[in-house]
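Notes follow once the structure below has been shown.
The values are calculated or read from the model by the stated rules, or taken from the named source; none is laboratory data. These figures come from a predicted structure and were not determined experimentally. Ideal geometry is used to build each Cβ from the backbone, glycine not excepted, and the neighbour counts take in all protein chains shown. Ligands, DNA and RNA are stripped out before the accessible areas are found, and what is left, the full protein with its side chains, is counted by its heavy atoms. Shrake-Rupley method; radii C 1.70, N 1.55, O 1.52, S 1.80 Å.
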Amino acid sequence: MINPAEIKLLEAALQRLAEGFENLPDFTPQFDSNEVAAILDQAATRMQDNYPYHHPMYAGQMLKPPHAIARIAYAMSLWVNPNNHALDGGKASSGMEKECIEELGAMFGWRQPLGHLTGGGTVANLEALWIAGRLRPGKRILASDQAHYTHSRLSDVLGLPFSAVRVDEHGRMDLAHIEQLLKVGDVGTIVATIGNTALGAVDPLAEIIELAREHDVRVHADAAYGGYFGLASKVDAAARAAYRRLVEVDSIVVDPHKHGLQPYGCGCILFRDADVGRFYKHDSPYTYFSSAELHLGEISLECSRPGASAVALWATQKLLPLVQDGEFSKSLDHSLSAARSFHERLVASVAYVPLMKPELDIVVYMPSAADARLASARSRRVFALAAEQGLHLAMIELPTALVQVYVPELVANSATVTCLRSVLMKPEHNSWLEPIMSILEKAATAARE
Ligand SMILES: *Cc1c(COP(=O)(O)O)cnc(C)c1O
């Protein structure tokens, strides 16, 4: 689990950092290391009580281990503990954050967007919808009924009306339903999810943009999960068409802590038109306008923000630049391949039925069963039995009608079906499909007993 090189790299980085402060009178905080050691031992023992998120046999929720460089850079910066709330609090790390934002913007084809890092996708989407409400006061927000639940909740927080749009059999927003809702005339912003959390489906952005233009409506892209896949070469034609049009939307959310190899606490909001910065204007006497230059704390709803996140992301983007055909984009291709071969293996298996072909790296499937209730019960059994064998999955509740598109003979004796869901985010998943399938097959047999 721990590569000893990591500890050495951290030590070397800390030594270099300390050199910058050598001219100060010595000041080293002291503590009782025996006492600390004893408590750390307890903490580490407590932490053993986790699912093995870092391991390829964890094939459940959206959990991807941070890259070693992100962990080390993050830890190194904690000895200074910068706060990117203002330039005074996070002098170097604010500059690093700006460089990260420029590179993230460039990934979507934007030059110098207004943007900053956030605690995560939720706060980033909050800022996007807040600006949406300022520019289209009182107007409705539309998002897919498979969009992250945060959009309806944030609309409620912001006092904006919200409507959910039906999805088609691929899990993508239904264009006819959008058109019908647009005709009412009260829509201000459409949220297109670029890789939804449940299924990894990419909403048809090209068509959404055309509809939005016709009705003078804004478009926000929630690419918290899928944003980085624009760099991959193996996305299918439909998704590719959506990624090409991201450059035209009004705002984008992307989560470096999802596919960007970062520790939690790293989301990002980008606005195409830097002019929206005027809505953030405040005149708190506590923020230190220490320079005429814009600092990102002035255009963020959150005040204190971890400079460490910016340092970690900066280091990661240096090692793995956000370019097509680079090492990072290839690792995304590995995840896409893993999901596709997993889907094929499930098609070949008599014990399981997969639903839609994965558009990104999320695979949804269910144990073969005659009716919805039995399928749900078997999914729950497989989930538990696989965990006993060290394979960790996730579950998802889907409308029976959607499941029946893929399993037409399934008897609908309940409104929803509990299915299994595996997010194959780790590029290594590609070479672990054999043991994963073997445990799944055994679990399916046992689940029938
Ligand atoms: C994860 C996710 C969010 C929420 O982001 P957090 O970082 O968990 O706050 C929003 N939208 C989508 C599409 C997501 O996948």
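Stokes-Einstein diffusion coefficient for segment 229-274 at 37 °C in a medium of 0.692 mPa s, Rh from the Kirkwood formula over Cα pairs: what value in µm²/s?
273 µm²/s
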If I stretch the segment between Phe27 and Lys8 completely, what's the gain in nm (0.36 nm per residue apart, minus their alpha carbon distance), one decimal?
4.5 nm
Lys pairs in the chain with Cα under 12 Å (8 or more apart in sequence, or on separate chains) total 5
If each of Val157 and Asp186 carries a label point 7 Å out from its Cα toward its Cβ, how far apart are those two points in nm?
2.3 nm
Let me know the Rg and Dmax you get for the chain when you use only its Cα atoms, in Å.
23.4, 77
From the helices alone, meaning DSSP H stretches of at least four residues, give me the mean residue ellipticity at 222 nm for the chain, per-run term -39500 (n - 2.57), in deg cm²/dmol to the nearest 500.
-13000 deg cm²/dmol
Using protein chains only and a probe of 1.4 angstrom, how many square angstrom of Thr28 are accessible, to the nearest 10?
80 Å²
For Gln389 and Lys357, extending 7 Å from Cα along the Cα-Cβ vector and measuring point to point gives, in nm, a value of 2.8 nm
For segment 161-246, what is the Kirkwood hydrodynamic radius in Å, using each pair of distinct C-alpha atoms?
13.1 Å
Just for the Cα atoms in segment 102-175, what are the lengths along the principal axes, largest first, rounded to whole Å?
35, 31, 22
Just from the alpha-carbon atoms, what are the Rg and Dmax of segment 350-449 in angstroms?
13.0, 39
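Work through the residues other than Ala241 whose Cβ is under 14 Å from its Cβ and net out their charges, Lys, Arg +1 and Asp, Glu -1.
Cβ neighbours under 14 Å give a net charge of -2.
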Cα-based radius of gyration of segment 1-153 once divided by 2.2 N^0.38 Å, which approximates compact folds
1.41
Let me check I've understood the local charge: for Arg71, count other residues with C-beta under 13 angstrom from its C-beta, Lys and Arg +1, Asp and Glu -1. What total comes out?
0
Given just the C-alpha atoms of segment 91-319, how large is their convex hull per residue in cubic angstrom?
118 Å³
At what distance in nm do the modelled label points of Val405 and Glu214 sit from each other, each positioned 7 Å from its Cα along Cα→Cβ?
2.1 nm
Given that compact globular proteins tend to follow 2.2 N^0.38 Å, what is the ratio of the alpha-carbon Rg of segment 5-90 to that value?
1.43
At a 1.4 Å probe radius, carbon and sulfur cover how many percent of the accessible area of the chain?
56 percent
What is the sum of charges around Ala13, taking Lys and Arg as +1, Asp and Glu as -1, for the other residues whose C-beta is under 12 Å from the C-beta of Ala13?
0
The answer for the chain, accessible area per residue at 1.4 Å probe in Å², is 47 Å²
